[in-house]
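**Q** Before anything else, here's the structure in question.
Since every read-out is calculated from the coordinates, none of them should be taken as a lab result. What you see is a predicted model, and the numbers here were worked out from it, not measured in a lab. Glycine gets a Cβ as well: all are built from the backbone with ideal geometry, and neighbour counts include every protein chain shown.
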Amino acid sequence: MSLLEVRGLKVSYGGIHAVRGIDFEVAEGELVCLIGANGAGKSSSLKGILGMVHASSTIHFDGARISGLPTHTIAGLGISLVPEGRGVFARLTVGENLDMGAFLRKDHPGIRADLDKVYSLFPRLAERRTQLAGTLSGGEQQMLAIGRALMSRPRLLLLDEPSMGLAPLMVRKIYETIASIAQEGATILLVEQNANLALKISQRAYVMESGMVTLSGASPDLIKDSQVRAAYLGE
Amino acid sequence: MPKWLRLPPPVAFLLLAITLILLPFLTGATLGNSWVRVLDFVLLYVMLALGLNIVVGYAGLLDLGYVAFYAIGAYLYAWLASPHFGLHLPFWAILPLGALLAGFFGVLLGAPTLRLRGDYLAIVTLGFGEIIRIFMNNLNAPFNLTNGPQGINLIDPVALGPLIFKGNHHLFGFKLTAPYLYYYLFLAFTLATIVIAMRLQNSRIGRAWAALREDEVAAAAMGVNTRNVKLLAFAMGATFGGLAGGLFASFQGFISPESFNLWESILILCMIVLGGMGHIPGVILGAVMLTVLPEALRYLGDWQRAALGHVVVDPNDLRMLIFGLALVLMMIYRPAGLIPSRQRRREFAAEDGVAEQEQADLYDAKV
């Protein structure tokens, strides 16, 4: 059975239907991506999973129903979000941001070990431990947001547009890190506008278009699919 | 702080304690007894500012109606310890009740405003403050609850066993009037408030407040129960307001809605912003300055008479003008506050590098 199972997810803002009933799932240890153009409903889907927006759906996480639960409870079950636009705590230091990632944990030796792990994954953050997060560059903030999410030792990591607003060089670096996190066995649901990148790194993909999943399958197949190439890869 | 001023902590602590104990006597002997009353007000405002600092500084919720909680605490005290209803409960019984009632009203204000932030929240809280004041102004009919604009008079002074905070007392050859006694009572409450505010800031709740202030979505994703944490900030802040209100009522012996207008809320907010938002020593200094400065400026008339032989401008007009000017100057030269917290100082210092930072954000070339 899949770790995350989403059935009939609908998200609407007032009268506007951003997500119109989609199904998808993520199995343990898998890296799955949700791709689509701007406004296709990708971020809304993530927010729907986390209970951050008004949504109707049946969502199971590790066999237990999580739809309808408040965000902080869902976070406590082991789903961690790297928000769109990074969402670092700007006026807290890098160290304090990472501490906040472990907000719900009480196993201090484990937290210390994970902190060391994050710092070895992102040596730049270690150098800037006492710097305010708001003064970091965009790429460093993205590293911090990922590191912070990892500090909760999540069972499922949700990444919302990690390439947004970053230079190509930094995007590559962030994606290398995501790949290495996935290789260590993490389960990841990646939302991305940059279809090329996301398809290369993931095992399976769902393509979204105006609130619906129009296509899904193994990423290596989709990358060859002429429809996808035409719509998202600019060919 | 310059190096020569740095004393070993026990010595500094002892000096501070002695200063605080002797302060009313020193003040009374040099500036006159009216200044001992000013000292009492300084302590009340330190309490209020630290309370509001929980809401505004820690949790980042802009509350412009804070004085409502002060009013609630004060009116509860007046109802339970004055001839108005013929009740005369002891102060130690009323103060916790007032704090609790104010805390309850804090939640009452917090609950409908959970989804509001920034300017919108400010407008609603401002409205709340005015509603409470207008209620106090008009609840003299059909049932006389507040005695309307006339206010409630003859409120019982604090009594600690046989020691009633009224008239003259003699202790070790010193004459102690009510303001002196209230000074020590307020000092005790203020110190307790400072300790609680410090403990709160460094607690798990304090970290949750900081996260909430910085980014609500991310805070929720970290597992912070944003609803409860917000309500707690409102409730805790209001509790201190209610406590200060009760103390104020007993100290003044008289309260009326006039004491709880919007200006008071703004003044308390100014203390926080001016001193250094979120930073306890800064907030304390802000409260001290903004209480002492207007009082000190009352001497403007005397100074004019001494310098020019007659009063040219009414000191009352000049007082607020200079007060406002001082505020503006302080904000220009110390934008992060008089004693900013480590973080706010860095934040403002970083301002110079912003352009460079934005370049880095855009291109991020320096991998």
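**Q** Whole-Hz ³J(HN,Hα) for each residue in segment A:213-230, computed from phi via Karplus 6.51 cos²θ - 1.76 cosθ + 1.60 with θ = phi - 60°, x for glycine and proline: what do you get?
**A** Each residue of segment A:213-230 in turn: 7, 9, 7, 8, x, 5, 4, x, 6, 5, 5, 8, 4, 5, 4, 5, 4, 5 Hz.
**Q** log10 I(q)/I(0), Debye, Cα-only chain A, no solvent, q = 0.07, 0.16, 0.18 Å⁻¹?
**A** Cα-only, vacuum Debye calculation for chain A: -0.21, -1.15, -1.42.
**Q** If the cut-off is 18 Å between C-alpha atoms, which aspartates and glutamates fall inside it for A:K200, apart from same-chain ones fewer than 8 positions away?
**A** Reachable aspartates and glutamates: A:E30, A:D160, A:E161, A:E176, A:E184, A:E192, A:D221, A:D225, A:E235.
**Q** Taking 0.36 nm per intervening residue step and subtracting the Cα-Cα distance, what contour gain separates B:R298 from B:L31 on full extension?
**A** So the chain would gain 94.8 nm between B:R298 and B:L31.
**Q** Based on the mean of other beta carbon atoms within 10 Å per residue, what is the order of A:121-129, B:112-120, B:35-43, B:183-191, most packed first? Walk me through the numbers on the way to the answer.
**A** Values: A:121-129: 16.9, B:112-120: 12.4, B:35-43: 21.8, B:183-191: 18.6.
My ranking of the peptides, most packed first, is B:35-43, B:183-191, A:121-129, B:112-120.
**Q** Using a 10 Å cut-off around each Cβ of peptide A:130-139, what is the average number of partner chain Cβ atoms that fall inside? Show your work: numbers first, answer last.
**A** On the way: counts 2, 2, 7, 2, 7, 8, 3, 12, 7, 7.
Other-chain Cβ atoms within 10 Å of each residue's Cβ, averaged: 6.
**Q** Any idea what the relative contact order of chain A is, in percent, if you count C-alpha pairs under 8 Å spaced at least 6 apart?
**A** Relative contact order here is 28 percent.
**Q** Separate question: Could you tell me the center-to-center distance, by alpha carbons, between segment B:31-67 and segment A:213-231 in angstrom?
**A** Answer, in whole Å: 63.
**Q** Toward the positive end of the charge dipole of segment B:3-353, about the Cα centre and with charges on Cβ (Lys, Arg +1; Asp, Glu -1), which of B:Y75, B:G324, B:G106 goes farthest?
**A** Projecting each Cα onto the dipole axis, the largest value belongs to B:G106.
**Q** So, with +1 on the Cβ of K and R and -1 on the Cβ of D and E, and no other charges, what is the size of the charge dipole of chain A about its Cα centre, to the nearest 20 debye? Don't skip to the end; give the middle numbers.
**A** Working: 24 positive and 23 negative charges, 84 e Å.
Value, rounded to 20: 400 debye.
**Q** Mark the label point 7 Å from the Cα of B:N140 along Cα→Cβ and return the residues of segment B:230-256 whose backbone N is within less than 12 Å of it.
**A** Under 12 Å, as judged by backbone N against the label point of B:N140, lie B:256 of segment B:230-256.
**Q** I would also like to ask the following. Arrange the peptides B:310-319, B:59-68, A:111-120, A:90-99 so that the one whose residues have, on average, the most other Cβ atoms within 10 Å appears first.
**A** Per-residue mean Cβ counts within 10 Å order the peptides as B:59-68, A:90-99, A:111-120, B:310-319.
**Q** Based on alpha-carbon centroids, what's the gap between segment B:250-268 and segment B:304-322 in Å, whole number please?
**A** Distance between centres, Cα-based: 26 Å.
**Q** Hey, can you list the DSSP H helices of chain A whose Cα span along the axis is 15 Å or longer and whose average Kyte-Doolittle score is at least 0.0? Intermediate results must be reported in sequence, preceding the final value.
**A** On the way: long enough: A:108-121 (20 Å, -0.33); A:138-150 (18 Å, 0.11); A:168-183 (22 Å, 0.45).
Passing helices, by number: A:138-150, A:168-183.
**Q** Over 32 Å between Cα atoms, which of A:K10/A:K117; A:K10/A:K106; A:K173/A:K224; A:K42/B:K230 qualify?
**A** Result: A:K10/A:K117; A:K10/A:K106 exceed 32 Å.
**Q** Inside 10 Å of the C-beta atoms of A:146-156, what's the mean count of C-beta atoms belonging to other chains?
**A** 1
**Q** Report the calculated FRET efficiency for B:I196 and A:Q203 (r = Cβ-Cβ distance, R0 = 51 Å), to the nearest 0.05.
**A** The value I calculate is 0.45.
**Q** Using Cα atoms only, what is the angle between the long axis of helix B:280-296 and the major principal axis of chain B, expressed in degrees (0 to 90) to the nearest 10?
**A** Result, in degrees: 50.
**Q** Given axes a ≥ b ≥ c from the Cα gyration tensor, I'd like to know whether segment B:1-98 is rounded (a/c under 1.5), prolate (a/b larger than b/c) or oblate.
**A** Oblate is the answer for segment B:1-98, as a/c is 1.5 or above yet b/c matches or exceeds a/b.
**Q** On the Cα set of segment B:3-353, report Rg and Dmax in Å, please.
**A** Both quantities, over Cα of segment B:3-353: 21.0, 68 Å.
**Q** Let me ask you something else. Angle check, please: helix B:91-110 long axis (alpha carbons) against the longest principal axis of chain B (alpha carbons), in degrees 0 to 90, nearest 10.
**A** For helix B:91-110, the angle is close to 40 degrees.
**Q** Here is a follow-up. Got the relative contact order for segment B:3-353 handy, in percent, Cα pairs under 8 Å and 6 or more residues apart?
**A** RCO, segment B:3-353: 28 percent.
**Q** Okay, next question. If you stretched the chain out fully between B:I164 and B:F254, how much longer would it get, using 0.36 nm times the residue separation minus the C-alpha to C-alpha distance?
**A** 30.7 nm
**Q** To the nearest 0.05, how large is the calculated FRET efficiency for A:L169 and B:D317 if R₀ is 51 Å and r is the Cβ-Cβ distance?
**A** 0.20
**Q** How far is the Cα center of segment B:176-238 from the Cα center of segment A:180-198, in Å?
**A** 41
**Q** Further question on the same structure: From the residues B:L50, B:G223, B:C270, which one has its Cα farthest along the dipole of segment B:3-353 in the positive direction, the dipole being from +1 and -1 charges on Cβ of Lys/Arg and Asp/Glu about the Cα centre?
**A** Checked the options; the winner is B:G223.
**Q** Can you give me the long-range amide H partners of A:Y206? Hydrogens built in the peptide plane at 1.01 Å from N, cutoff under 5 Å, separation of 5 or more residues or another chain.
**A** Here A:C33, A:L34, A:I35 satisfy the definition.
**Q** Using only Cα atoms, tell me the angle between helix B:204-214 and the longest principal axis of chain B; keep it within 0 to 90° and round to the nearest 10.
**A** Roughly 60 degrees, rounded to the nearest 10.
**Q** So, one more: Please compute the average number of Cβ atoms from other chains found within 10 Å of each residue's Cβ in peptide B:208-218. The partial results should precede the final answer.
**A** Numbers: counts 3, 0, 5, 7, 1, 4, 11, 11, 2, 9, 14.
Other-chain Cβ atoms within 10 Å of each residue's Cβ, averaged: 6.
**Q** Applying a 10 Å radius around every beta-carbon, put B:51-58, A:169-176, A:131-138 in order of their mean neighbour count, most first.
**A** Ranking the peptides B:51-58, A:169-176, A:131-138 by packing returns B:51-58, A:131-138, A:169-176.
**Q** Taking the Cα centre of the protein assembly as shown as origin, work out the dipole magnitude from +1 charges on Lys and Arg Cβ and -1 charges on Asp and Glu Cβ, in debye rounded to 20. Walk me through the numbers before you get to the answer.
**A** On the way: 47 positive and 44 negative charges, 225 e Å.
It comes to approximately 1080 debye.
**Q** Next up: Please work out whether segment A:22-88 counts as rounded, prolate or oblate from its C-alpha gyration tensor, where a ≥ b ≥ c are the square roots of the eigenvalues and a/c under 1.5 means rounded, while otherwise a/b larger than b/c means prolate and anything else oblate?
**A** Taking the square roots of the gyration eigenvalues as a ≥ b ≥ c, segment A:22-88 is rounded.
**Q** Rounded, prolate or oblate: which fits segment A:68-174, taking a ≥ b ≥ c as square roots of the Cα gyration tensor eigenvalues, rounded meaning a/c under 1.5, else prolate when a/b beats b/c?
**A** oblate
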